[in-house]
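Report on one structure; see the data block that follows.
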Amino acid sequence: MKLTLRVWRQRNAEEPGAMATYEVDNISADMSFLEMLDTLNEELTLAGDEPVAFDHDCREGICGACSLVINGDAHGPERTTTCQLHMRSFSDGDTIDVEPWRASAFPVIKDLVVDRSSFDRIIQSGGYISAPTGTAPDAHATPVPKPDADFAFEHAECIGCGACVAACPNGSAMLFTSAKVNHLNVLPQGAPERETRVLDMVARMDEEGFGGCTLTGECATACPKGIPLPSIAAMNKEWLRATRKVRR
Amino acid sequence: MTRTLWDSTVGKKTIMAVTGLFMLGYLVAHMVGNLKIFFGPGEFDGYAHWLRTMGEPILHYEWALWIVRVGLVAAVVLHGVSAYQLSRRDIKARPAKYVHKRPRASYATRTMRWGGIILALFIFWHILDLTTGTVHTSFEAGHPYQNVIDTFSTWYGNVIYIVAVLAMGLHVQHGFWSAAQTLGVGNATRDRLLKTLANILAAVLTLGFISVPVAVMTGVVS
């Protein structure tokens, strides 16, 4: 395949960026999107140009490192991560726009790489449980009802990639935060911090400069792990419950 | 708890949801009351008079009506201020737009902000037109039936009203379902029910309100 790429190039956080156009040839339909970018970078390096910086790690769709808004869609046209997106989803002669996640809480560091440490700080504010250390407890020591376990697992699938924020017209992190809150709040292990968790994580999310939720549903459509939109309603319920219970 | 509500994006949305549902309840009552115009001037004007005597003898004349009005003003202000502050925040959270544009979200969802502004402007017009009569050409207090007919006998009266009602329908369609999510009532199994309810509410309110100017224009009500 022969493709035209229009890629966001930005030297560093301070300097303004712009879209740059590149031609790539001999792209196999079996390549992943990141392998296609590797091909481009090899050519750029050989030509003495600066390669395009982009985030990637496991390339198995489970680590949440890769990002990229491809033709206006977070992670591109398929419902998966960019590393699991293959070039067979495109046609010979296509022009593909590649942009970084856009949100003021995700500032661009270089080219397509953004700083997602705001997510880490949301996790630090409450995305944990208090557990005694020592030998691992027996797996059946704390019974968990099957529907609760399923609900927790559905939300635990979130890999924290930030596609929800990138897709949201308000740059809101509600789907990410709700996935993390719901995952722990439904389980007995998460019960001691049930109220403080949701209050602290929502407060941190606001402090980081993410926008509010207008329930456009863009986040759930973009999520490569299929975190459902009602997840947000479930967190709102937890938040309202916590404001009634906790006096601050 | 008040501070927690007002300082949080989730809390402000809760305030918007509660005030929105209150205003929605008022809209339903208002729409049903409007339909009395199809039973003639006696019943319509009589109903308008009853709105002023409702609550008597516990309440004084017009007191109940003023309580409702104060509640509505509070709801509009809280809803509008929250929406303004949240919108400012949302725009700041996404300063850079994507170069590659694509259509996003449904029409009702995308028009919430402009629709809300249109509705706020319409409320001013509507009160000046049919409550105080300031912008009305031949307003007579105590004769709402004739006042309504006069308003809908002008082209601009019809245009302003119908545009506002359509904006209201779209606002309610996304707003009702949204409020349910914000208040934590929504979940996967109830989603279809809530969406259907929102569609029915929006359709019934739109048709109910629009039926009055259409009836005047077609001469059904004269």
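Residues of segment A:142-173 being aliphatic (A, V, I, L, M) and either open to solvent by 10 Å² or more (accessible area, probe 1.4 Å) or in contact with an Asp or Glu (Cβ under 6 Å, 6 or more places away or on another chain) (or both), which ones? So that I can check it myself, show each step before the final result.
In the first step, residues of segment A:142-173 are kept if they are aliphatic (A, V, I, L, M); the result is A:144, A:149, A:152, A:156, A:159, A:163, A:165-167, A:173.
Listed by number, the residues that qualify are A:Val144, A:Ala149, A:Ala156, A:Ile159, A:Ala167.
Whether any residue in segment A:19-37 is within 14 Å of another protein chain (Cβ to nearest Cβ), closer than 22 Å to A:Met87 by Cα and either among the hydrophobic types (A, V, I, L, M, F, W, C) or touching a residue at least 24 places away in the same chain (Cβ under 8 Å) (or both) is what I want to check.
Going through segment A:19-37, the residues within 14 Å of another protein chain (Cβ to nearest Cβ) turn out to be A:19-21.
If we keep only those that are closer than 22 Å to A:Met87 by Cα as well, we get A:19-21.
Checking the rest, the ones that are also either among the hydrophobic types (A, V, I, L, M, F, W, C) or touching a residue at least 24 places away in the same chain (Cβ under 8 Å) (or both) come to A:19-20.
Yes, segment A:19-37 has at least one match.
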Looking at B:Ile123, B:Ile67, B:Ile118, which one is buried (at least 16 other Cβ atoms within 10 Å of the Cβ) and away from every other protein chain (no Cβ under 14 Å)?
B:Ile118
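Hey, could you check segment B:90-114 for residues that are of a type in the set (A, V, I, L, M) and at the interface with chain A (Cβ under 7 Å from one of its Cβ atoms) and say which is farthest from the chain's Cα centre (by Cα)?
So the first thing to find is which residues in segment B:90-114 are of a type in the set (A, V, I, L, M), and the list is B:91, B:93, B:96, B:99, B:105, B:108, B:112.
After this cut, where a residue has to be at the interface with chain A (Cβ under 7 Å from one of its Cβ atoms) as well, the list is B:93, B:96, B:99, B:105, B:112.
Working: B:Ala93: 29, B:Ala96: 33, B:Val99: 36, B:Ala105: 22, B:Met112: 13 Å.
Among residues in segment B:90-114 that are of a type in the set (A, V, I, L, M) and at the interface with chain A (Cβ under 7 Å from one of its Cβ atoms), the one farthest from the chain's Cα centre (by Cα) is B:Val99.
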Would segment B:19-31 turn up any residue that is within 14 Å of chain A (Cβ to nearest Cβ) and within 23 Å of the chain's Cα centre (by Cα)?
yes
Could you tell me which numbered condition A:Thr196 fails, if it satisfies all but one of (1) within 11 Å of chain B (Cβ to nearest Cβ); (2) assigned to a helix (DSSP H, G or I); (3) modelled with pLDDT of 95 or more?
(1)
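Sort out for me the helices (runs of 4 or more DSSP H) sitting completely within segment A:93-193 that have 2 or more residues that are within 14 Å of chain B (Cβ to nearest Cβ) and in contact with a strand residue (DSSP E or B) (Cβ under 8 Å, 6 or more places away or on another chain). Explain how you work it out, then say what you get.
Details: elements: A:117-124, A:146-156, A:163-167, A:174-185.
By residue number, A:163-167.
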Tell me which residues, restricted to segment A:12-47, are within 26 Å of the chain's Cα centre (by Cα), of a type outside the set (A, V, I, L, M) and part of a helix (DSSP H, G or I).
A:Phe33, A:Glu35, A:Asp38, A:Thr39, A:Asn41
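If you take the residues of segment B:160-183 that are in contact with a Pro (Cβ under 9 Å, 6 or more places away or on another chain) and surrounded by fewer than 23 Cβ atoms within 10 Å (Cβ to Cβ), which of them is nearest to the other protein chains (Cβ to nearest Cβ)? Break it down stepwise before answering.
Step one: of segment B:160-183, the residues in contact with a Pro (Cβ under 9 Å, 6 or more places away or on another chain) are B:161-162, B:165, B:181.
Next cut, surrounded by fewer than 23 Cβ atoms within 10 Å (Cβ to Cβ) only: B:161-162, B:165.
Numbers: B:Tyr161: 27, B:Ile162: 26, B:Val165: 23 Å.
Per the criteria, the residue is B:Val165.
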Quick check: anything in segment A:69-87 over 26 Å from A:Met174 (Cα atoms) and open to solvent by 10 Å² or more (accessible area, probe 1.4 Å)?
yes
Please find, within segment B:134-160, the residue that is farthest from B:Val220 (Cα to Cα) out of those that are in a loop (DSSP other than H, G, I, E, B) and touching a residue at least 40 places away in the same chain (Cβ under 8 Å).
B:Gly142
The listed residue being out of contact with any helix residue (DSSP H, G or I) (no Cβ under 9 Å at 6 or more places or on another chain) and over 30 Å from A:Ala105 (Cβ atoms), out of B:Thr137, B:Thr151, B:Thr131, B:Thr53:
B:Thr131
Taking segment A:48-81 and keeping residues within 14 Å of another protein chain (Cβ to nearest Cβ), in contact with a helix residue (DSSP H, G or I) (Cβ under 7 Å, 6 or more places away or on another chain) and either farther than 27 Å from B:Lys101 by Cβ or in a loop (DSSP other than H, G, I, E, B) (or both) leaves A:Ser67, A:Leu68, A:His75, A:Gly76, A:Pro77
Going by what's in this entry, would A:Lys237 be described as touching a Gly at 6+ places or on another chain (Cβ under 7 Å) and within 20 Å of B:Ala17 (Cα to Cα)?
yes
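The values are calculated or read from the model by the stated rules, or taken from the named source; none is laboratory data. Worth saying up front: this structure is predicted, and the values here are computed from it rather than measured. Cβ: placed from backbone, ideal geometry, glycine included. Neighbour counts: every protein chain shown. Note: accessible area is taken over every heavy atom of the protein model, side chains too, but ligands, DNA and RNA are not part of it. Shrake-Rupley method; radii C 1.70, N 1.55, O 1.52, S 1.80 Å.
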